[in-house]
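Notes for the one structure printed next.
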Amino acid sequence: MQTQELRQVIPAAETNTGDQAFLKLKGITKRYGVDYMAVDDLDIDVPKGKLLGLLGPSGCGKTTTLRMIAGLLDITRSKITIDGDDISHKPPHKRDIGLVFQNYALFPHMTVAQNVAFGLEMRGVGRVEARDRVEEALEMVRLPGYGERKPKEMSGGQQQRVALARALVIRPRLLLLDEPLSNLDAKLRDDMRIEIREIQQRLQITTVFVTHDQVEALTMCDLVGVMHKGKLAQLGTPEDIYERPADLFVADFVGRTNILDGEIEALDRVRIGASVYPCNTRGLTSGKAKAAIRPHRISLTPSRDRSLVSMATNAAHGKVTRVTYIGDVVQYDIDIGGNTLTTEVHTASAGHSFQSGEKLLCEWKPQDMQVFAQGSGN
Amino acid sequence: MAAITSSVPFAEAPARRKTFPFLLIALLLPMAIINFVAFVLPVIRLGMISFIESRSGGVLTNNYTLENYADFFTDSFSIELVSNSLILGFGVTLITLCCAYPIALFLHRVSPKWRNMLFVITVSPLLVSSVVRTYGWMVILGDQGVFNGILMSSGIIDSPLRLTNNTLGVFIGMVEVLIPYMALSLIAGFGRLENVYEEAAASLGANSWTRFRRVILPLTAPGIALGCLLCFVLSISSFITPKLLGGGRVFLLATEIYDQAVIQLEWPTAAAISVIVLIIFGLALAVYSRVVKRFD
Ligand SMILES: Nc1ncnc2c1ncn2[C@@H]1O[C@H](COP(=O)(O)OP(=O)(O)OP(=O)(O)O)[C@@H](O)[C@H]1O
Ligand SMILES: [Mg+2]
């Protein structure tokens with residue numbers, strides 16, 4: 001437990017070293033109507049050259065946040081600085097920020113090449129240089145030779161990549177991406193994810209990347225901010241977010257998780273149904289609680305005597321109620337005396353496959369069971 | 001009656017694929033017949049009359065000649081008519097565009113809550129006949145009119161400004177009559193204009209003037225072309241407003257056609273001028289379709 005606490009502190013300290021923050025958002029707030037807080041008091045610092053993922057469910061205020069950074073929405077009592085330059089009240093065209101819109105917003109009356117060249121033209125880049133840079137940008141998003149097409153002659157995914165090229169080609173000091181991969185097929189999305197990450201690291205562009213896809217956030221980003229109902233639920237490295245969620249919402253939203261109702265008996269002891277399990281109660285000593293366990297952190301063995309199990313692990317007897325084949329993993333739903341645990345076993349490593357109705361033993365480490373006070377993060 | 005008509009689509013529904021061309025033709029036929037009888041035939045007849053040898057007293061002979069056109073193109077007065085009409089057409093169209101464009105842009109952007117109401121207000125002048133509106137302008141702009149009255153009684157001017165019975169009066173009246181048409185066409189052609197394009201342009205570094213020039217203007221070009229075509233044609237063919245507000249001192253192709261046909265009874269001459277006006281419209285239409293193609 002001791003080391004757990006320490007690990008929690010170190011990355012937090014790292015991300016808060018204010019002097020090296022490149023993009024600083026201070027108290028970002030947007031209210032619609034009288035009392036609807038679309039974005040509520042966000043504080044985020046992004047160090048230079050880093051990729052921040054803003055992750056959250058639909059409608060949590062991601063796009064609104066991005067639009068405020070870009071200057072397309074007025075901000076209510078907040079401050080945004082880039083590299084020490086206060087841009088809170090600068091008009092969008094003076095911010096030097098590249099923006100890829102959720103719905104691309106390619107100019108329909110211009111060809112792809114004209115779209116990509118637009119930002120260069122605004123910066124007074126000469127014709128010859130502009131043509132080269134446009135060609136280079138289109139190659140970067142794997143659309144070489146598409147310059148003469150009109151946006152409407154391209155697929156959604158291709159348009160999205162043109163939008164990316166249009167934003168990248170101006171080499172902005174900050175790049176904002178609003179779900180830039182949402183319309184790509186799985187394969188292309190994987191490729192583009194790597195591509196964007198590669199481009200971002202090569203050009204060292206500080207980037208804010210909005211997504212509601214947690215895999216995207218975890219795999220691509222240096223930092224992830226999880227948003228929930230306009231508030232920042234947690235900001236940390238992908239590992240922080242996944243391994244040490246700050247509240248129940250983050251635990252539930254990022255990655256698949258079993259959530260079990262229980263009650264905290266004492267520090268690091270939670271009662272679920274009739275059993276008491278050692279766990280991580282994160283300092284709590286009493287009260288109703290929810291326990292979270294990742295499916296793949298539960299190991300399954302054929303039923304055997306409980307006394308043979310090491311005291312250092314948690315174990316529960318259960319019965320398989322459903323088997324779901326997903327390809328790389330098999331999912332077993334297991335009934336452990338009233339609660340259902342979803343577990344995952346990699347098909348490659350599976351020593352054993354189980355049938356529906358089979359009795360087996362579920363085991364997991366106490367530190368893989370995170371307990372949150374009921375109602376934390378709703 | 002209602003029962004019978006409503007039962008027709010149901011009865012035909014199963015055989016829909018087969019009867020579709022029939023239905024299409026059935027729906028188009030009435031208008032096609034009306035168009036043929038009331039437009040195509042008269043235009044052909046008009047073309048023929050324009051070649052008939054002119055005889056006083058409205059008598060139509062059987063001799064065909066090019067004289068009507070030759071007379072028109074050699075007469076300096078008729079050249080003046082053409083240039084007056086073109087100046088009026090282009091001028092009124094341009095001014096109307098400048099007046100209506102901001103209105104249309106505003107209506108396009110205003111929140112849907114207000115849009116319908118403001119839209120109705122914009123086109124409401126169409127509910128009053130343009131003759132009535134023209135008389136209204138005479139009351140306002142005349143020498144003893146409201147406008148001059150206010151200026152004179154407040155001592156700003158000593159003698160009335162000449163606002164009617166001249167080209168200025170015709171311009172004012174025509175622009176006001178045509179603004180609703182222009183606004184309607186503009187809004188109809190603004191379909192592609194969305195706020196995100198402006199935002200995208202802004203994020204790429206375009207200031208508001210550049211955004212207008214490079215994004216808003218091209219995206220609204222179809223609406224502009226449509227509105228200009230309509231207003232150009234309407235202003236060249238209109239003759240009530242020029243007659244009333246021009247006080248017989250503004251000479252245009254449309255007023256000349258009226259004079260020749262109704263007062264002089266020189267039908268062949270009137271027909272020849274009408275054909276020339278039709279040719280001008282045809283040219284305008286050609287320009288329009290090129291502009292639309294270019295901005296598509
Ligand atoms: N113009 C507006 N007026 C009122 N409410 C708005 C407006 N724009 C957005 N909202 C509300 O603000 C909230 C945040 O919207 P936002 O577009 O930022 O969501 P998002 O996180 O980007 O969602 P998604 O993943 O679906 O794109 C939503 O609940 C939305 O209904
Ligand atoms: Mg969004």
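Observations on the structure shown:
- Global form of the stretch A:64-126, assessed from the alpha-carbon gyration tensor, a/c cut-off 1.5: oblate
- Estimated D of the stretch A:145-262 in µm² per second, where Rh is the Kirkwood radius over Cα pairs and Stokes-Einstein applies at 37 °C, 0.692 mPa s: 206 µm²/s
- Per residue accessible area of the stretch B:107-184, 1.4 Å probe, in Å²: 58 Å²
- Of B:Asn148, B:Asn35, B:Asn116, the one that fluctuates the most in a GNM where chain B has Cα springs shorter than 10 Å: B:Asn35
- Relative contact order for chain B: 25 percent, from Cα pairs under 8 Å spaced at least 6 residues apart, divided by residue count.
- Calculated FRET efficiency for the pair B:Ser289/B:Leu86, C-beta based, R₀ 22 Å, to 0.05: 0.65
- For the stretch B:171-218, chymotrypsin sites (Phe, Trp or Tyr not before Pro) are listed when DSSP marks them as loop and at most 16 other Cβ atoms sit within 10 Å of their Cβ; the list is empty.
- Whichever lysines have a C-alpha closer than 24 Å to that of B:Lys113, once near sequence neighbours (fewer than 8 apart) are set aside: A:Lys30
- Label point distance in nm, A:Lys90-B:Ile240, each placed 7 Å from Cα along Cα→Cβ: 5.8 nm
- Straight Cα distances below 26 angstrom link A:Lys359 to the lysines A:Lys290, A:Lys319, with same-chain residues fewer than 8 positions distant left out.
- Most fluctuating residue given options A:Leu52, A:Leu218, A:Leu188, as computed from a GNM of chain A linking Cα atoms under 10 Å: A:Leu188
- Semi-axis lengths, Å, the stretch A:160-218, gyration tensor of Cα atoms, sqrt of 5 times eigenvalues: 18, 12, 11
- Per-residue SASA entry for B:Met48, accessible area with 1.4 Å probe, Å² rounded to 10: 80 Å²
- Multiplying each eigenvalue of the alpha-carbon gyration tensor of the stretch A:18-57 by 5 and taking the square root yields semi-axes of 25, 12, 6 Å, largest first, rounded to whole angstroms.
- Dimensions (Å) - the stretch A:243-339, Cα atoms, principal axes, largest first: 38, 34, 23
- Rg(Cα)/(2.2 N^0.38 Å) for the stretch B:159-208, N = residue count: 1.98
- Surface analysis of chain A yields an accessible area of 46 Å² per residue, using protein heavy atoms and a 1.4 Å probe.
- Max mean-square fluctuation residue, GNM over chain A, Cα-Cα springs under 10 Å, options A:Gly357, A:Gly53, A:Gly318: A:Gly357
- B:Ile140-A:Asp185 pseudo-label distance in nm [points 7 Å out on the Cα-to-Cβ vector]: 6.3 nm
- For the protein assembly as shown, the alpha-carbon radius of gyration amounts to 1.43 times the rule-of-thumb value 2.2 N^0.38 Å expected for a compact globular protein.
- Antiparallel content of DSSP bridges confined to chain A, in %, to 5: 75 percent
- Using a cutoff of 8 angstrom between alpha carbon atoms and counting only pairs six or more residues apart, the relative contact order for chain A works out to 15 percent.
- For the stretch B:241-296, convex hull volume per residue from C-alpha positions, Å³: 89 Å³
- Principal semi-axes in Å for chain A [√(5λ), Cα gyration tensor, largest first]: 45, 25, 16
- Tail weight of P(r) past 11 Å, computed on alpha-carbon pairs of the stretch A:264-305, percent: 69 percent
- Rule-of-thumb Rg ratio for the stretch B:76-295 [Cα; 2.2 N^0.38 Å; N residues]: 1.18
- Interface between chains B and A: roughly 1900 Å² of accessible area buried, both sides summed (probe 1.4 Å, protein heavy atoms only).
- Per-residue accessible area (protein heavy atoms, 1.4 Å probe) orders B:Trp267, A:Trp364 as B:Trp267, A:Trp364, starting from the largest.
- Diffusion coefficient, µm² s⁻¹, Stokes-Einstein with Kirkwood Rh over alpha-carbon pairs of the stretch B:138-258 at 10 °C and 1.306 mPa s: 92 µm²/s
The values are calculated or read from the model by the stated rules, or taken from the named source; none is laboratory data. Only a predicted model underlies this, so the values are computations on that prediction, with no experimental measurement involved. FYI the Cβ positions are ideal-geometry reconstructions off the backbone, even for glycines, and counts take in every protein chain you see. Surface areas here come from the heavy atoms of the whole protein model, side chains and all, with no ligands, DNA or RNA. Shrake-Rupley method; radii C 1.70, N 1.55, O 1.52, S 1.80 Å.
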